[in-house]
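Inspection log for the structure reproduced underneath, given as structure tokens.
The values are calculated or read from the model by the stated rules, or taken from the named source; none is laboratory data. Note that this is a predicted model, so its numbers are computed, not measured. Glycine also receives a Cβ, built like all others from the backbone with ideal geometry; neighbour counts cover every protein chain displayed. What goes into the accessible areas is simple: the full protein's heavy atoms, side chains included, and nothing from ligands, DNA or RNA. Shrake-Rupley method; radii C 1.70, N 1.55, O 1.52, S 1.80 Å.
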Amino acid sequence: MINRNQFQRNGTVYLVGAGPGDPDLITLRGINTIKKSQVLIYDRLVNPDLLSYAPVNSERIYVGKRPGKPSVSQEQINGIIVAKAKEGKVVVRLKGGDPFVFGRGGEECEALAKEKIPFEIVPGISSALAAPAYAGIPVTHRGKARSFTVVTGYTRDKKDLFKNWQHIAHADTLVVLMGMKNLELIVTQLVLLGRKPETPVAIVEKASYKNQITITGTLETIIDKAQYLTPPATIIIGELASMADTLAWFTEPVDVDINKETEIQSAVVG
Ligand code: SAH
């Protein structure tokens, strides 16, 4: 049982989901916590526009990847959050999407709980939902998909990548995060496990940003079509993925001709 009185000297840590990119997609509670932050610790996938809500004297600490420099390890991040909270500061830990969806938010909470530092989670709109939504792909649809599954397409140890995929491969709608590096392996594995090669696939790059790009294809064609995409991107597999072709409302899906070099550009619908 957590007794709040025992924490009095420590500051509270807010683990806040920043949403997928468009700064309007953070929650009101998320904004309100940033506004009262004394320390703001943020990642690479957080839209930097959100930092402007922090008080001018709030300390900003970037812990995302830095090209060409050693990245800050999870242990170091945990250490920074704990140390700042122990100084009695209001700490906001801002993460892309939702803090508990592949955001290592659970590990940070464990570190805080161990030190008896109070924390609060402010959920965010995960790219797992926002990427399909911004591409016009419902993740469920009456009569077509009764469930959706979200899985990582990257594991530290490659042998864990396809653990339990006999089930995962047959999800009505399969949403893969962090899957671009292993796209070829993933597509091959899905077909091996019995998914039809003509199964629709959509990939949404930079969902909710003005330069969002959606490409559509099938398990058979997507590897060639996806070769010009860059991270972050979310992969959606299943019958509903083809709905991007009719329900796109934000940017037009790009029709990549795999026989020609296509220059991919984002195009706004309308
Ligand atoms: N906590 C985050 C996910 C972190 S894992 C969330 O809930 O969204 C990082 C992966 O998220 C990326 O590899 C990519 O697959 C996906 N992602 C994050 N931002 C995205 C965006 N704007 N568009 C498409 N995919 C995105």
Give, as a single signed number, the net charge of other residues whose beta carbon lies under 14 Å from the beta carbon of Glu252, with Lys and Arg counted +1 and Asp and Glu -1.
-> -2
Given a 1.4 Å probe and every protein chain left where it sits, what share in percent of the accessible area of the chain is carbon and sulfur?
-> 52 percent
Whenever you get a sec, line up Phe102, Phe250 from highest to lowest accessible area (probe 1.4 Å, protein heavy atoms).
-> Phe102, Phe250
Label segment 175-253 by shape, choosing from rounded, prolate and oblate, from the square roots a ≥ b ≥ c of the eigenvalues of the Cα gyration tensor; if a/c is under 1.5 it is rounded, and otherwise prolate applies when a/b is larger than b/c, oblate when it is not.
-> oblate
Expected field for Ser73, accessible surface area in Å² at 1.4 Å probe radius, rounded to 10, holds 40 Å²
What is the sum of charges around Lys89, taking Lys and Arg as +1, Asp and Glu as -1, for the other residues whose C-beta is under 15 Å from the C-beta of Lys89?
-> +3
To the nearest 0.05, how large is the calculated FRET efficiency for Thr140 and Ala83 if R₀ is 35 Å and r is the Cβ-Cβ distance?
-> 0.20
Starting from the Cα gyration tensor of the chain, multiply each eigenvalue by 5, take the square root, and state the resulting semi-axes largest first in whole Å.
-> 36, 20, 17
With 5 Å bins from zero, work out the P(r) of segment 1-139 over every alpha carbon pair and list the percent per bin.
-> 2, 11, 21, 22, 20, 13, 7, 3, 1, 0
Straight-distance crosslink candidates among aspartates and glutamates, where the alpha carbon sits under 13 Å from Lys36 and sequence neighbours closer than 8 are dropped | Glu59
Simple spin-label estimate for Lys116/His167, 7 Å along Cα→Cβ, in nm, reads 3.9 nm
Name the aspartates and glutamates eligible as straight-distance cross-link partners of Lys225: C-alpha to C-alpha under 14 Å, and not fewer than 8 places from it in the same chain.
-> Glu184, Glu205, Asp255, Asp257, Glu261, Glu263
Tyr154 accessible area, assembled protein chains, probe 1.4 Å, Å² = 110 Å²
Solvent-accessible area per residue for segment 39-197 at a 1.4 Å probe radius, Å²?
-> 54 Å²
All lysines inside 25 Å of Lys163 as judged from Cα atoms, apart from same-chain residues fewer than 8 positions distant | Lys181, Lys196
Env charge @ Val56, Cβ radius under 15 Å, K,R +1 / D,E -1, value +2
What is the list of residues in segment 220-249 whose amide nitrogen lies under 14 Å from a point 7 angstrom out from the Cα of Arg44, following Cα to Cβ?
-> 230-233
Debye, to nearest 20: dipole size of segment 50-110, +1 on Lys, Arg Cβ, -1 on Asp, Glu Cβ | 280 debye
The answer for Thr218, listing residues at least 5 apart or on another chain whose modeled amide H is closer than 5 Å to its amide H, is Val201
DSSP loop (so not H, G, I, E, B), at most 13 other Cβ within 10 Å: list which GluC sites (Glu not before Pro) in segment 76-120 pass both filters.
-> Glu87
Considering Cα pairs under 8 angstrom that are at least six residues apart, work out the relative contact order of the chain and quote it in whole percent.
-> 18 percent
Run the quick spin-label model on Leu185 and Lys69: label points 7 Å from Cα toward the beta carbon, then report their separation in nm to one decimal.
-> 3.0 nm
Where does each of Thr246, Thr188, Thr216 land when they are ordered by accessible area, with a 1.4 Å probe and the largest first?
-> Thr246, Thr188, Thr216
